[in-house]
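Let me begin by presenting the structure, written as structure tokens, before commenting on it.
The values are calculated or read from the model by the stated rules, or taken from the named source; none is laboratory data. Owing to the predicted nature of the structure, the values given are computational and were not obtained by experimental measurement. With ideal geometry, Cβ positions are generated from the backbone for all residues, glycine too; neighbour counts draw on all protein chains shown.
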């Protein structure tokens with residue numbers, strides 16, 4: 001059974017996604033704190049840094065947001081042979097329409113892009129990247145061709161569209177209706193260029209709870225349990241706006257409390273531990289720093305039954321599955337270094353890499369395997385959109401400042 005649990009108190013909303021009795025994702029949303037991810041602003045360029053090939057843009061949300069050169073170029077410009085400089089594109093005082101692609105973290109402001117996207121239930125509108133793209137998870141050739149034919153009707157509007165996995169089998173009328181809504185939102189945003197005041201919020205992304213429900217609805221057979229009547233009623237509104245049967249899947253349980261749910265509490269305990277035990281007896285050790293996250297795999301108590309090579313392979317394969325789960329649950333992003341137990345057989349290494357890729361494919365944040373170093377370390381990157389789980393629910397120790405050490 002797959003479940004989305006939503007619990008609320010006076011200050012926060014808590015969202016837990018449980019698949020096959022295992023906690024796989026956990027989110028915390030402060031009711032008083034503004035969420036900016038996905039929002040679109042009319043901003044003003046405050047500073048252009050040639051040495052960093054970036055600009056700082058005032059979007060009216062506290063610290064200035066930062067815009068890298070690559071995020072200021074459209075799709076065609078990125079892949080052209082011409083070399084671009086941030087100074088050629090932006091000047092101090094310029095007004096730009098930008099979208100937040102990464103929430104502010106620590107002392108850093110939001111990361112923004114001029115390449116806007118409008119995400120719906122079945123499609124994503126990509127005005128700056130023309131063409132029709134279809135989720136790689138849709139394998140049926142006839143379905144791919146059907147979606148391409150639907151997409152051809154969008155070409156007259158000179159925009160791009162990505163068909164999401166859940167568009168598989170959805171009738172043309174429903175897709176066209178959503179496309180019309182997203183296109184209307186895009187045109188409204190475009191109509192806000194060169195107007196006062198600046199900075200100004202001109203498009204607000206769907207709130208976190210609704211976005212999570214929309215993203216996961218129908219992908220698996222999720223049941224939704226909600227402890228707040230306000231949230232429950234807000235979810236029921238989606239049934240009318242998105243034409244999906246949410247009411248039959250959502251339950252209002254005023255007595256539900258995360259604190260007393262064993263599955264959620266067990267998952268959180270593991271997610272906040274440095275050492276994670278594997279079923280075989282092996283362990284993975286997760287250490288995060290400002291620069292990167294290092295994950296080490298050990299056989300620990302597992303001695304195997306056949307040979308040393310077999311023991312190492314089984315431990316590494318089990319560790320690969322657990323690492324993928326922990327990256328998703330802990331919401332670890334950026335550079336990740338995986339130190340598996342050394343293997344001599346190229347066949348075993350290939351099997352490990354295939355297993356890792358398969359496990360990563362379940363993650364919407366798309367971890368990417370970069371390479372294997374000469375020392376046998378696997379380099380991985382994962383999109384860093386939101387704060388980590390640890391930073392959401394823990395505070396740094398005032399004595400050791402988060403180092404986990406105190407003076408003797």
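Collect the residues in the stretch 212-234 that are part of a helix (DSSP H, G or I), within 21 Å of residue 38 (Cβ to Cβ) and touching a residue at least 40 places away in the same chain (Cβ under 8 Å), keeping them in residue-number order.
To start, the set of residues in the stretch 212-234 that are part of a helix (DSSP H, G or I) comprises 212-216, 229-234.
Narrowing further to those that are within 21 Å of residue 38 (Cβ to Cβ): 212-216, 231, 234.
Of everything in the stretch 212-234, those that are part of a helix (DSSP H, G or I), within 21 Å of residue 38 (Cβ to Cβ) and touching a residue at least 40 places away in the same chain (Cβ under 8 Å) turn out to be 212, 213, 214, 215, 216, 231.
Suppose we keep only residues that are in contact with a strand residue (DSSP E or B) (Cβ under 9 Å, 6 or more places away or on another chain) and under 15 Å from residue 136 (Cα atoms) within the stretch 354-363. Which one would you say is surrounded by the fewest Cβ atoms within 10 Å (Cβ to Cβ)? First the steps, then the outcome.
So the first thing to find is which residues in the stretch 354-363 are in contact with a strand residue (DSSP E or B) (Cβ under 9 Å, 6 or more places away or on another chain), and the list is 356-357, 360, 362-363.
Add one more test, that the residue is under 15 Å from residue 136 (Cα atoms), and what stays is 357, 360, 362-363.
Working: 357: 14, 360: 20, 362: 12, 363: 16.
Only one residue fits best here, namely 362.
A quick yes/no check of all residues on (1) more than 17 Å from residue 23 (Cβ to Cβ); (2) modelled with pLDDT of 85 or more; (3) touching a strand residue (DSSP E or B) at 6+ places or on another chain (Cβ under 8 Å):
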site	(1), (2), (3)
214	yes, no, no
220	no, no, yes
231	yes, yes, yes
242	yes, no, no
245	yes, no, no
251	yes, yes, yes
### Task
Kindly state which strands (runs of 3 or more DSSP E) lie completely within the stretch 67-137 and contain at least 2 residues that are in contact (Cβ under 8 Å) with a residue 24 or more places away in the chain and crowded, with 20+ Cβ neighbours inside 10 Å.
95-102, 111-113, 123-126
### Query
How many residues are without any contact (Cβ under 8 Å) to a residue 24 or more places away in the chain, within 21 Å of residue 393 (Cβ to Cβ) and out of contact with any strand residue (DSSP E or B) (no Cβ under 6 Å at 6 or more places or on another chain) when one looks only at the stretch 275-297?
2
### Task
With respect to residue 13, determine if the residue is assigned to a strand (DSSP E or B), under 30 Å from residue 324 (Cα atoms), over 18 Å from the mean Cα position of the chain (by Cα) and not assigned by TED's automatic domain parsing to the domain that holds residue 323.
yes
### Task
Check residue 185 against each of (1) surrounded by 14 or more Cβ atoms within 10 Å (Cβ to Cβ); (2) closer than 30 Å to residue 156 by Cβ; (3) out of contact with any strand residue (DSSP E or B) (no Cβ under 8 Å at 6 or more places or on another chain) and name the one condition it does not meet.
(3)
### Query
Does residue 182 meet the test of being within 30 Å of residue 63 (Cα to Cα), without any contact (Cβ under 8 Å) to a residue 40 or more places away in the chain and outside the structural domain of residue 14 (by TED's automatic domain parsing)?
no
### Message
Here are the criteria: (1) at pLDDT 85 or above; (2) within 21 Å of residue 212 (Cα to Cα). Tell me which single one residue 386 does not satisfy.
### Response
(1)
